[in-house]
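The values are calculated or read from the model by the stated rules, or taken from the named source; none is laboratory data. These numbers were taken from a predicted model, which means no experiment stands behind them. Using ideal geometry, Cβ is built from the backbone for each residue, glycine included, and neighbour counts are taken over all protein chains shown.
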Amino acid sequence: MAEMWISMGPQHPMTHGLWTLKIKVDGETVVDTEPDLGYIHRGVEKICEARDFTQITTYCDRLCYASANTWSHSYIYAVEDLLEVEVPERAEYIRLIAVELQRIASHLMWLGAYGPDIGNLSVMVWCLREREMMMDLLQELGGSRMHYNFPRVGGVKRDLPHGFAQRARAKVSLFLNRIQEYEALFDESTIFLIRTQGVGYSKAEEMVNHGVTGPNLRAGGVNYDVRTSHPYSVYSELDWEVPVERPSVKGADCYDRYRIRVEEMRVSAMMVLEALDKIPRGADTYHEPGDPAIIAKAPSRAPEGTSGSHHFEDSRGESMFYLAGGGEARGKNPYRVSIRSPMFITIPYASKCMVGYKVADIPAIMGSFDPCIGETDR
Amino acid sequence: MDGDGQNYSVFNSRMLVDTVGDITDDALKASRIKDVIGVLVGRVFNWSQRKSLFPLHLGIKCCALEMAAAGASRFDAERFGVFFRSSPRQCDVLLVNGPISKKFADPIVRLWEQMPEPKWCIAMGECAISGGPYFQSYNILEGVDTVIPVDVYIPGCPPRPEALIDGFDKLRQKIIRIGASPDDGAPESKNPIIVGDD
Amino acid sequence: MANALSSMDGVNAEVSERTSGTNPRNVVSVDCASENWRQLAECLRVEHGVDYCSMITGIHWPEGGAEKNWEVVYHFMRMGISNPPVVEGMVQPIITDPSTVEGADVPLEIEVRIALPETRDPKVASVQDIWVGADWNEKETWDLVGIDFEGHVGMRRVLQPHETPAGFHPLQKQHKLRYHDFEEMYDDAQGFLRKPSDAGKIK
């Protein structure tokens, strides 16, 4: 049978974003793949050289739009490393709550998009219903449904609103019950199990060599989480365990990657509940914006020759910002902002995982790696 | 049958079809029946077009998640007849929900050309309207209306799903005004509508 | 914490103690000359078990003087986790508490900076065959900044369109953010007036 290249072009309902996956097929089997990115390359790194440190936060929200808070916090930690700012502890707790709620929302969006890839359309409306709950909480915190611009250099822009703790506890507890519904829906569905088990094996050593991190790597059995290995924020003060899967020797398949994200949602939900209990001065006290309890004074200029970087556990892996300060010549703008996107590294690897499987397995494999093209094409 | 497979018997000839069509057309025009049929059928077509707008399953950037939320359970867009289709050949509306980069300018024009008439374009979000926060970027076009004619602009970054549904409502009003196809109708029907402008 | 990397010839290595909030964070910062980079990379991989290339950044410093006109910053990490045990056909995850490990198992961040002198085509040795994670990072650095990697197989544009004029690397400081002015439009440095590769074909 002749081999031919098929382009799963930029507009495709299954590709979770705007990119082209060119596949070389021999009949129905995938022989080679070539991803083609750059359709939403916005030149954020160049734009950021003309913006303030606080203005760049709005760009970082829009890098990976499914999990906006994790990216803006990732940037803010790097800025605080550059400017050497100490963040008050209450602000760290508020940031943790925002980040973990966002992680739940991101995984719900993934699950809501993965179900239809496999063919299960009802889970999309279920997951998006839960995501609306999380987005309500995040809207109370940040002011908008999707791009919150929530952290500020040295703290957060606003404290927890009145009554937030009560609503958050109610909604997160309800969500913990609903996770069992999703698991029931998937684990009792033979079609889902056939389509995801035994498909898309990815080995741990290859993943580490390629630079894949996050849930994809933890599904492979490697217990690496930036929150515990290079601890930042107040993760070390909460009582939680990194969810890791136990895959087979052939590697992690799509089912493992699905399971790990469900476990991560559970762990994040428990972390939010615990953080609401442990937050200093209680979750019901309210400080005005600008209060030193929630934001510290920060310099607005970076001296020349300094640099700051920070690893962060994004919903999809390890994201990192590297900022170079430019001194007086640059004023309040950084000299160079460099963004490390986990998906930029994972997508070529995921494309290699597809070789040898059928064309119909491509949405299952690609979806299980959770691509988000916004962060890939910066 | 001759060499290239066309059946040239006189009853299938193209000339016969054209001649009969012209004669019938002149007769209908003379007796004004064509106008009456045009008005009635046009109204039915217009009603059905505006009640079942099929956008394309195109998600460029963040506004695509609000588009998905608009189709989900809280802000159900399907009760308005809006049903997303994957192929541009089956769509009425091109919902552009993100910035257009130089690399994507050609595919989006191609998608627009693949859509059959009548078709409309909705620019959703700041990036599609004017380039948004990336208007100074070296890679982003300043708005999708540099390459495609836009009918409705929905501002917001991202616009709430309620705003998107309102945008579809404005598009429906525009369809009522301009008739069955965008080339008919009064000259002012060519002006695009901006949601929130009243 | 392990800091045995300081003993390498041709490079300056130091351990900088940084903190992230209240948590200690140890980063090994290495300054390397571009001639010794390949040797240092192999040494990192083989002797010290650095198995994960995180990010490659290219920076253009036009006012940095003749010594430091370009800079390539590599970020690596040592995961500290290798050879997970296999029990009954299933890989067991290694649950390690980072505060209890020592020596070569500590997860560590390594930052390598290579300063390049003033030149029109900066070049650094490629490490594509040592860490596969460096592959796309190097393509992106070349695409956006213009630093060439010698020995890199398959260098191509990854983020900008494939038909971008050769030699246009937007993150170099002499390029404006966007070319808008009247006389620059005709030169079309950024390709806004270019026709796509399949113009005129039936679609």
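In table form, for the structure just shown:
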quantity: Selection count, region B:118-159, where residues are in a loop (DSSP other than H, G, I, E, B), more than 25 Å from B:S86 (Cβ to Cβ) and facing chain A (nearest Cβ under 9 Å); calculated: 5
quantity: Unique residue being within 14 Å of another protein chain (Cβ to nearest Cβ) and β-branched (V, I, T) when the list is B:V82, B:V36, B:V96; calculated: B:V96
quantity: Qualifying residue in region A:100-109 (condition: over 25 Å from B:F75 (Cβ atoms), at pLDDT 90 or above and part of a helix (DSSP H, G or I)); calculated: yes
quantity: Subset of region C:112-158 (residues that are part of a loop (DSSP other than H, G, I, E, B), touching a Pro at 6+ places or on another chain (Cβ under 9 Å) and farther than 30 Å from A:H230 by Cβ); calculated: C:E118, C:G146
quantity: Filter pass, A:D52 being surrounded by fewer than 24 Cβ atoms within 10 Å (Cβ to Cβ), more than 20 Å from the chain's Cα centre (by Cα), modelled with pLDDT under 90 and farther than 28 Å from A:G327 by Cβ; calculated: no
quantity: Members of region A:60-81 found to be among the hydrophobic types (A, V, I, L, M, F, W, C) and surrounded by fewer than 24 Cβ atoms within 10 Å (Cβ to Cβ), listed by number; calculated: none
quantity: Elements of type helices (runs of 4 or more DSSP H) in region A:175-281, at least 2 residues being hydrophobic (A, V, I, L, M, F, W, C); calculated: A:190-196, A:204-210, A:254-278
quantity: Index of the failed condition, A:G38 passing every other in (1) surrounded by fewer than 22 Cβ atoms within 10 Å (Cβ to Cβ); (2) under 28 Å from A:L111 (Cβ atoms); calculated: (1)
quantity: Which listed residue is more than 14 Å from every other protein chain (Cβ to nearest Cβ) and either surrounded by fewer than 17 Cβ atoms within 10 Å (Cβ to Cβ) or under 20 Å from A:V208 (Cβ atoms) (or both), from A:R246, A:R281; calculated: A:R281
quantity: Strands (runs of 3 or more DSSP E) within region C:9-111 that include 3 or more residues at pLDDT 60 or above, within 10 Å of chain A (Cβ to nearest Cβ) and under 19 Å from the mean Cα position of the chain (by Cα); calculated: C:52-60, C:70-78
quantity: Residue count, region A:302-323 (criterion: touching a residue at least 60 places away in the same chain (Cβ under 8 Å) and either within 11 Å of chain C (Cβ to nearest Cβ) or assigned to a strand (DSSP E or B) (or both)); calculated: 15
quantity: All positions within region C:107-144 that are in contact with a strand residue (DSSP E or B) (Cβ under 7 Å, 6 or more places away or on another chain) and of a type in the set (K, R); calculated: C:R113, C:K123
quantity: Filter pass, A:L121 being surrounded by fewer than 24 Cβ atoms within 10 Å (Cβ to Cβ) and free of Cβ contacts under 8 Å to residues at least 60 places away in the same chain; calculated: yes
quantity: Residue in region A:192-204 that is in contact with a strand residue (DSSP E or B) (Cβ under 6 Å, 6 or more places away or on another chain), more than 30 Å from A:D277 (Cβ to Cβ), facing another protein chain (nearest Cβ under 7 Å) and modelled with pLDDT of 80 or more present; calculated: no
quantity: Residues being more than 27 Å from A:K203 (Cα to Cα) and under 24 Å from the mean Cα position of the chain (by Cα) - total across region A:325-359; calculated: 3
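Yes or no, residue by residue, for (1) within 14 Å of another protein chain (Cβ to nearest Cβ); (2) more than 20 Å from A:G367 (Cβ to Cβ); (3) of a type in the set (A, V, I, L, M, F, W, C):
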site: A:G17; (1), (2), (3): yes, no, no
site: A:V25; (1), (2), (3): no, no, yes
site: A:E34; (1), (2), (3): yes, no, no
site: A:Y39; (1), (2), (3): yes, no, no
site: A:V44; (1), (2), (3): yes, yes, yes
site: A:E49; (1), (2), (3): yes, yes, no
site: A:I56; (1), (2), (3): yes, yes, yes
